[in-house]
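The values are calculated or read from the model by the stated rules, or taken from the named source; none is laboratory data. Quantities reported herein were computed from a predicted structural model and do not represent experimental measurements. All Cβ positions, even for glycine, are placed from backbone atoms using ideal geometry, and neighbour counts span all protein chains on display. Areas reflect the complete protein model, heavy atoms only, side chains present, ligands, DNA and RNA absent. Shrake-Rupley method; radii C 1.70, N 1.55, O 1.52, S 1.80 Å.
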Amino acid sequence: MGVDRRKFLKASAAAGAPFVLGLWIPPKPAMAGVAAPPGASWDREPPVPEVNAWIVIQPDDTVIVRIAQTEIGQGVWTSCAMMICEELQCDWKKVRPEYASSNRDAREQAPAWTLKVPGDGAQDPTGGGTPNMGAPATRNRPGGLGVPDSLYRRMRTNAAASVADGRYYQQLAGAEARERLLLAAARLWNAPVGELVAKDSVITHAKSRRRTTYGKVAHLAAATPHPNPEAIRIKAADQWTLMGTEQKNLDVPDKVMGRIVYGIDVKVPGMKWAAVKACPVYGGDVKSFDFEAIRGRPGVISAMQFGIPDPKLLRNHTFSGGVAVIAESWWQAKTALDAMPIEWAIPPKEGAFNTQNMHAALIASLDEPGRTRVNLGDVDKAFAGAAKIVEATYSTPYLARARMEPGNATVLVTDDRVDLWIGDQSPQETRYSASQITGIPEKDVYLHLCHLGGGYGRNGNGPQAEQAIMIANAHRGTPIHMLWTREEDFIGTTYRAMSVARLKAALDADGWPIAIEVRIGMDKEGFGPDASFNGVSRYFTPNYRFSTHTTTFHVPVGTRRGVGQAANEFYRESFLNELAHAAGKDPYLYRRELIGRTNLPYKADMIKALDMAAEMSGWGTPLPKGKVRAIALEERGGETKGAATISAMVHTVSLSPSGDIKLERVDVAHEEGFGFINPLSVRKQIEGQIHWFYNDAVHQAANLENGRIVENNFDRFPISRMAEDPPELNIRFFKTGHWLIGMGHDRATSVQSAIAEAIAQTSGKRIRDLPFNTHDLSWS
Amino acid sequence: MAFELTVNGRRHRVDADPDTPLLWIIRDQIGLTGTKFSCGIGQCGACTVHLDGKPVRSCSLKAGLAAGKQITTIEGISKDGTHPIQEAWKAFDAPQCGYCQSGMIMASLALLKQNPRPNDADIDAAVTNACRCGTYHRIRKAIHRAAELMRA
């Protein structure tokens, strides 16, 4: 059954349909002319010498741009290309993105002159902002921060930071290539380079009336090193001509034809399919399975047990051991696996967890001392002198990502090389996993990135790669495509932590807070407490105390879209509404006044966002009973003079007497800092996040019973549909004086507090635990 | 067991258990991967194809039952992506991750063939597919645009 490498490649080249794989193999000859399938973009030799690692320009002026982030629907396929092409000054109509090679990234370093961030931080419009590239160069290190000085730098796709972190070095790459193209033409014409002009892939020299195109001089530029790359400068925001304009996403034409190749679509000659079942209780394993019961079924080839994937490869998350059935087709593998008797070894402590006892443990933890994170002023003294005390306890459940494409990976392990085809938000870490599991060095791991059918959190991919690598490593020479069922995908993902929060405020006689205390209890620390509460209180109070109270459960907890901000903003903005009502004040003006009292460096931008959203929504004009406007601020990073992202939204929500929630209208005021890369992508991300947090608010919860997740398909873990889309959506942007952090994951969290407010105003019921659809919301 | 299926106007001889869901025959045997697997229980619609012009969720339909009928997949609606519904989708840049979009387009196209002037309520009732990225706002606009283009 083994496939010899050379024969495999020949077979690939000959197979023709449906897909022929491109494998980037240095040095070369065997692979010349082997193309990736339409809609895919995998490691391959460039057709002509590259200008630099990011850019290949073909004689017909086609510009191939290497994308080092993963396209998960957020638009990096386009925005990363825009950052490079802004500086390259090429013809945008001839730009073709393809994925950067994570294999080269394991072999090559980024040029030293690109490592220093230009400019003077978050408030310098001429600079690179404040990228968070993580620790200094550490090769062969697993963990969350990628490999900051390797060729393609930050290949991880997370924290909505692809633009914020990658902009400066992608601009530098485009600028370097442009200057080398100009140098090559100048030498060719024996003209001073300063007299040449580059625009839309055309280079002109007015004096001698000469003209050429990038495609004609690219081979010369490829052989012309830049004499002084340290002197290269990136364009300041006010010089942009491509960035800042609305550009349609470059992969959409393929997406509407069904031609984009996601990981699930990969086919390799000789490939077999694997279906897997992992123990549904995390930390559990396989006690026994009976392959004899299914051995004779059509297509079935083998079955194997795999152990609990090494937590060190998965950011210390403990998933489960499981069984794989390998067959000719996935359906054969899946149905055989369903018919195969499996006995699980379920650890008793983990198997005894359920939502009720876990929630009770979290609530109890709030009365323990916890860990004090912030303690400003004298909170206890202020409470002792309060005119009124308001206290509320909130809860949010575990939540899965539930991306539409179930976890999968295709892996071929031979004795000296690993090939993976996968949609992956952390290819550098997966490369490391492949090396650790197989013993084959990272420089011989070829991870061919595919588009992902939804991402929503870098480590939500769980052990999809690790399971597939373990299975393929036991079947060396045979490509194995492992695919999870939807139900298995709910076992293989990380979850946003269940958490509880107790907020307590001391109000003075006018209803203004003189002290606030926040206690958050959650499963493991890390993805929540540090967001939104861990600095000064966003709304001013002279005395502020914040503590976290940790309980450790067995569910793997990771960075799901919105991370901690999502739950925390539900807590804080709901509580602010409660305080405003206790004070008898307008929730918009109450917020406005409290922000005005702070010394936050970007408070003027926050107030502007609130004012703009309120004005857009017609705040204060009468609405019929059952219809309510609610406002909230969404802010990240603005406690210091660093990068920040500020928006405010007003949600108009109706609640029918029978308790049906309808989001009628959303008015969004969003800052654009010094400038967005692609405002169209920003709009789409805002639209999408309205649904994301609407789902969190209204529909979704992951509950546990006997240690296992109960909601494991879309019948029990509902996703909003067309009928729930707000009919009216208004989005306005305003310029501010700093770079943004990113807006792809924690915008529109305000949907949650807004719906709570609408329910409270309409029905008198203040719902403090999500999701709303588990409550009786009827009123009369 | 072998049987015949007609997909996008072409006849294919399929050697498989006729109880296999149509989705897997389309993807694995016929090699058309634009139709997606997501939930496997007919909930999300990512696997939507047309059977004699009607939308069906192919993950939950036995392939044998599709024999003798016209099956249309996303690959069959145009050769070059210029069907009016595809043009409308492009005009609004509707997809995000794109995974559900083949099914969305097929469900929407089935609606437009049966109702050339759908209102918003018609769209809500007929297009019940799930999109985790939340692209509904643009999809609705694209359906209305496609309706105009298809009437023209």
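Annotation: of all residues in region A:232-272 being in a loop (DSSP other than H, G, I, E, B), within 14 Å of chain B (Cβ to nearest Cβ) and among the aliphatic types (A, V, I, L, M), the one that is farthest from A:Met482 (Cα to Cα) is A:Leu250.
Only one of the numbered conditions (1) assigned to a loop (DSSP other than H, G, I, E, B); (2) in contact (Cβ under 8 Å) with a residue 24 or more places away in the chain; (3) within 14 Å of chain B (Cβ to nearest Cβ) is not met by A:Trp739, and that is (3).
Within the bounds of region A:441-458, is there any residue that is of a type in the set (Lys, Arg) and in contact with a helix residue (DSSP H, G or I) (Cβ under 6 Å, 6 or more places away or on another chain)? Looking through region A:441-458, at least one residue is of a type in the set (Lys, Arg) and in contact with a helix residue (DSSP H, G or I) (Cβ under 6 Å, 6 or more places away or on another chain).
How many of the residues in region A:380-423 are more than 13 Å from every other protein chain (Cβ to nearest Cβ), part of a loop (DSSP other than H, G, I, E, B) and buried (at least 19 other Cβ atoms within 10 Å of the Cβ)? Here the count works out to 1. Could you list, in sequence order, all residues of region B:112-135 that are surrounded by 20 or more Cβ atoms within 10 Å (Cβ to Cβ) and part of a helix (DSSP H, G or I)? Residues satisfying the conditions are B:Leu112, B:Ile123.
Scanning region A:470-497 for residues being open to solvent by 10 Å² or more (accessible area, probe 1.4 Å) and among the hydrophobic types (A, V, I, L, M, F, W, C) gives a total of 3.
Every residue, every condition in (1) under 30 Å from A:Gln689 (Cα atoms); (2) within 7 Å of chain A (Cβ to nearest Cβ), yes or no:
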residue: B:Gln70; (1), (2): no, no
residue: B:Thr73; (1), (2): yes, no
residue: B:Ser78; (1), (2): no, no
residue: B:Ile85; (1), (2): yes, no
residue: B:Trp89; (1), (2): yes, yes
residue: B:Asp93; (1), (2): yes, yes
residue: B:Gly98; (1), (2): yes, yes
residue: B:Ala110; (1), (2): yes, no
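Restricting to region A:191-208, what's the tally of residues that are farther than 21 Å from A:Thr241 by Cα and of a type in the set (Gly, Ala, Ser)? Final tally of qualifying residues: 3. In this structure, A:Ala361 qualifies as in the same structural domain as A:Glu569 (by TED's automatic domain parsing), surrounded by 12 or more Cβ atoms within 10 Å (Cβ to Cβ) and touching a Ser or Thr at 6+ places or on another chain (Cβ under 9 Å). Of all residues in region A:192-231, those satisfying the criterion of being in a loop (DSSP other than H, G, I, E, B), modelled with pLDDT of 95 or more and crowded, with 16+ Cβ neighbours inside 10 Å are A:Ser201, A:His226.
Of all the residues that make up region A:692-711, how many are over 21 Å from the mean Cα position of the chain (by Cα) and at the interface with chain B (Cβ under 10 Å from one of its Cβ atoms)? Please lay out each step first, then the result.
Initial filter on region A:692-711 (over 21 Å from the mean Cα position of the chain (by Cα)): A:698-699, A:703-711.
Going one step further and asking which of them are at the interface with chain B (Cβ under 10 Å from one of its Cβ atoms), we end up with none.
So the answer is 0.
Residue pairs whose Cβ atoms lie under 7 Å apart, sitting 6 or more positions apart in sequence or on different chains, and linking a residue in region B:34-45 that is facing another protein chain (nearest Cβ under 7 Å) to a partner that is open to solvent by 20 Å² or more (accessible area, probe 1.4 Å) and not in a loop (DSSP other than H, G, I, E, B), are B:Gly34/B:Glu75; B:Ile41/B:Ser60. Restricting B:Leu61, B:Leu65, B:Leu149 to those that are touching a strand residue (DSSP E or B) at 6+ places or on another chain (Cβ under 8 Å) and either open to solvent by 50 Å² or more (accessible area, probe 1.4 Å) or more than 8 Å from chain A (Cβ to nearest Cβ) (or both) reduces the list to B:Leu61.
Go through A:Asp725, A:Asp746, A:Asp715 for me and flag whichever is under 22 Å from the mean Cα position of the chain (by Cα), acidic (Asp, Glu) and either under 30 Å from A:Tyr282 (Cβ atoms) or surrounded by 19 or more Cβ atoms within 10 Å (Cβ to Cβ) (or both).
Values: A:Asp725 fails: under 22 Å from the mean Cα position of the chain (by Cα); A:Asp715 fails: under 22 Å from the mean Cα position of the chain (by Cα).
Just a single option satisfies the conditions, and that option is A:Asp746.
Only a single item in (1) in a loop (DSSP other than H, G, I, E, B); (2) crowded, with 21+ Cβ neighbours inside 10 Å; (3) touching a helix residue (DSSP H, G or I) at 6+ places or on another chain (Cβ under 7 Å) is not met by B:Cys97, and it is number (3).
For region A:132-152, filtered to residues that are at pLDDT 50 or above and open to solvent by less than 30 Å² (accessible area, probe 1.4 Å), the residue that is farthest from A:Tyr99 (Cα to Cα) is A:Met133.
Evaluating A:Ser426 against the criteria (1) among the hydroxyl-bearing types (Ser, Thr, Tyr); (2) within 30 Å of A:Asp715 (Cβ to Cβ); (3) out of contact with any Ser or Thr (no Cβ under 6 Å at 6 or more places or on another chain); (4) open to solvent by less than 10 Å² (accessible area, probe 1.4 Å) leaves one unmet condition, (2).
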